[in-house]
Each structure stands twice: as structure tokens, then as C-alpha cells.
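Notes follow the structure.
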Amino acid sequence: MIKASGIEKSFGQLKVLKGVDIFVDKGEVVSIVGASGAGKSTLLQILGTLLTPDSGTVEINGRDLSGLSSVQLADFRNKEIGFVFQAHHLLPEFTAKENVMMPALIGGDSFASASKRALELLNEVGLAGRASHKPSELSGGEQQRVAVARAIMNFPSVLFADEPSGNLDSKTKEEIHGLFFRLREHYGQTILIVTHDAGLANMCDRALEMKDGRFV
């Protein structure tokens, strides 16, 4: 599902990624661990098409992304990739349901179809009764659940998560961690998670460690 070879990336004189290869099978949940500055988040952003590598190739779900225009990449990202970040990035003026609907509306779905699907996903993540609440009316854990529901709104092939539970208390962390594995069971999602949380890393099918821009 994810295949990347020879990924290199520099920022100015700083070489962050030094020829990284990674392969993730369909339905796998894989974590990437390592110290801050090892290149984990940079790699995740390249795999998720948010950054362009200096060299190397990326394939997602059999599609080589290297020749796509910015418009084609945006369309591919909307349909094939979901993102969950440490900061939930919810739009404060919209309700939980409206936030979850956004990717579908951007992708051209009807309002009625997006609304129905959003309510189903909020129920899936345990927030059926909070659909009409705005982010300021939700706890940190609830906001992150909304962000997870939004990330899978368009049935993406791949879900990328960058420190998804980094701002949460221990009980809420466990709930969010369990949610990722339920998604894999229900939707067959392939999930790649950057984390400092040893508990989450140990739950995954594989844990890959990065150090100084390479896997070790």
C-alpha cells in the first residue's frame, strides 16, 4: 500500500532524510519512533504528499506520485489519504458534524450524503450525541475523535497520524489508540503512525526506529 525508495530531503544545509526506504502492506498498522529531529515527521509529510522529496520515489496504493501536478496531488490526497495530527486543526466556527463533512464536500459529494456519512462516523468514534457541538464545547479527546472521523470521511486507503495522542491524558490516550485499531478492523485502513508513545508503538504490527535521517 505504501512504497517509498531512496527518499532524501534537506532544508538548507541540513540533510534530514538520507535515502529512506519504507514498505507498508495493505491493512498494516506501523509506527515510526525515534528521537526528536530524527526525520519522522518529515518522512510522514513526504509520504502524505505534503512535502516533495529532493530525490526518491513514493507510491501509494499502486500510484506513482512523482509525476502528478499540484492539482492532481490535491485530488489524490483528498480521496486516498487521511491525516491526524497532534493538533486537531478543527475549524472553530463549524460543528463537529460540519468539520467531519468537509473532505466529502471538497471532493464533490452532496450535502445530504456527506451529512449522513458524518453522523455515521461520529457514532463510530463514540460522539453521536456531540454532532452539533463546536470544538470549543468539546474536550481535547473529543476534538481528536472528530479529527479522526474527518480523516476517514472519504474512505482513504491510508491514514497517517503524527503524534495523535501527544496532547492527551493517559486514559484518553488509550481510547484514541484503541480507536485506530478498530478503524483497521472495520475499514481495512493502512495506518502509519509517528509517535513517542511506547505503549502505542508496541500495539502496532511493526515499529520502525529512525535515527539521524535513516531507519536503524
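The values are calculated or read from the model by the stated rules, or taken from the named source; none is laboratory data. Quick caveat: nothing in here was measured; it's all calculated off a predicted structure. Cβ coordinates were reconstructed from backbone atoms using ideal geometry, including for glycine residues, and neighbour counts include every protein chain displayed. Ligands, DNA and RNA are excluded from the accessible area calculation, which covers all protein heavy atoms including side chains. Shrake-Rupley method; radii C 1.70, N 1.55, O 1.52, S 1.80 Å.
Might you tell me the accessible area per residue for segment 89-216, computed with a 1.4 Å probe and given in Å²?
46 Å²
Using the Karplus curve 6.51 cos²θ - 1.76 cosθ + 1.60 with θ = phi - 60°, what ³J(HN,Hα) values do you get for each residue of segment 192-204, in whole Hz, with x for Gly and Pro?
Per-residue couplings from phi come out as 10, 10, 8, 8, 9, 7, 4, x, 5, 4, 6, 6, 6 Hz.
What are the DSSP H helices in the chain that stretch 18 Å or more along their long axis, judged by alpha-carbon atoms, and whose average Kyte-Doolittle hydropathy comes to at least -0.5?
The answer, listed by residue number, is 111-124.
Using only the Cα atoms of segment 20-110, what are the Rg and Dmax in Å?
15.1, 44
Take the Cβ-Cβ distance between Ser66 and Ala112 as r, set R0 to 35 Å, and report the resulting FRET efficiency rounded to the nearest 0.05.
Here the calculated transfer efficiency is 0.40.
Excluding Thr57 itself, calculate the net charge of residues whose Cβ lies under 14 Å from the Cβ of Thr57, where each Lys or Arg counts +1 and each Asp or Glu counts -1.
Values: positive: Lys3, Lys9, Arg63; negative: Glu8, Asp21, Asp54, Glu59, Asp64.
Combined, the nearby Lys, Arg, Asp and Glu give -2.
Which lysines have a Cα less than 25 Å from the Cα of Lys3, not counting those fewer than 8 places away in the same chain?
Lys15, Lys18, Lys26, Lys40, Lys79, Lys211
Stretch Ser10-Leu50 to full length: gain in nm at 0.36 nm per residue minus the Cα-Cα span?
Once the chain is fully extended between Ser10 and Leu50, it gains 12.9 nm.
With every protein chain in place, what's the accessible area of Glu185 (1.4 Å probe, Å², nearest 10)?
Accessible surface of Glu185 is approximately 140 Å².
Lys134: which aspartates and glutamates have alpha carbons under 19 Å from its alpha carbon, excluding same-chain residues fewer than 8 sequence positions away?
Glu93, Glu98, Glu120, Glu124, Glu142
With runs of 4+ DSSP H residues as the only contributors, calculate the mean residue ellipticity of the chain at 222 nm using -39,500 (n - 2.57) per run, divided by the residue total and rounded to the nearest 500.
-11500 deg cm²/dmol
Any chance you could check the Cα centroid distance between segment 39-88 and segment 107-137 for me, in angstrom?
Centre-to-centre distance over Cα atoms comes out at 26 Å.
At 37 °C and a viscosity of 0.692 mPa s, what translational diffusion coefficient does Stokes-Einstein give for the chain, taking Rh as the Kirkwood radius over Cα pairs? Give it in µm²/s as a whole number. Don't jump to the answer; show the numbers that get you there.
Working: Rh = 17.6 Å.
Here the translational diffusion coefficient equals 186 µm²/s.
Compute the relative contact order of the chain as a whole-number percentage, counting only Cα pairs closer than 8 Å that sit 6 or more residues apart in sequence.
Dividing the mean separation by the residue count of the chain yields 32 percent.
Report in % the part of the accessible area of the chain that belongs to carbon and sulfur, leaving out ligands and nucleic acids; probe 1.4 Å.
Details: 5010 of 9980 Å².
Carbon and sulfur: 50 percent of the exposed surface of the chain.
Rounded to the nearest 0.05, what FRET efficiency do Lys211 and Ala128 have when you use their Cβ-Cβ distance and R0 = 41 Å?
Step by step, r from the Cβ atoms, then E = 0.45.
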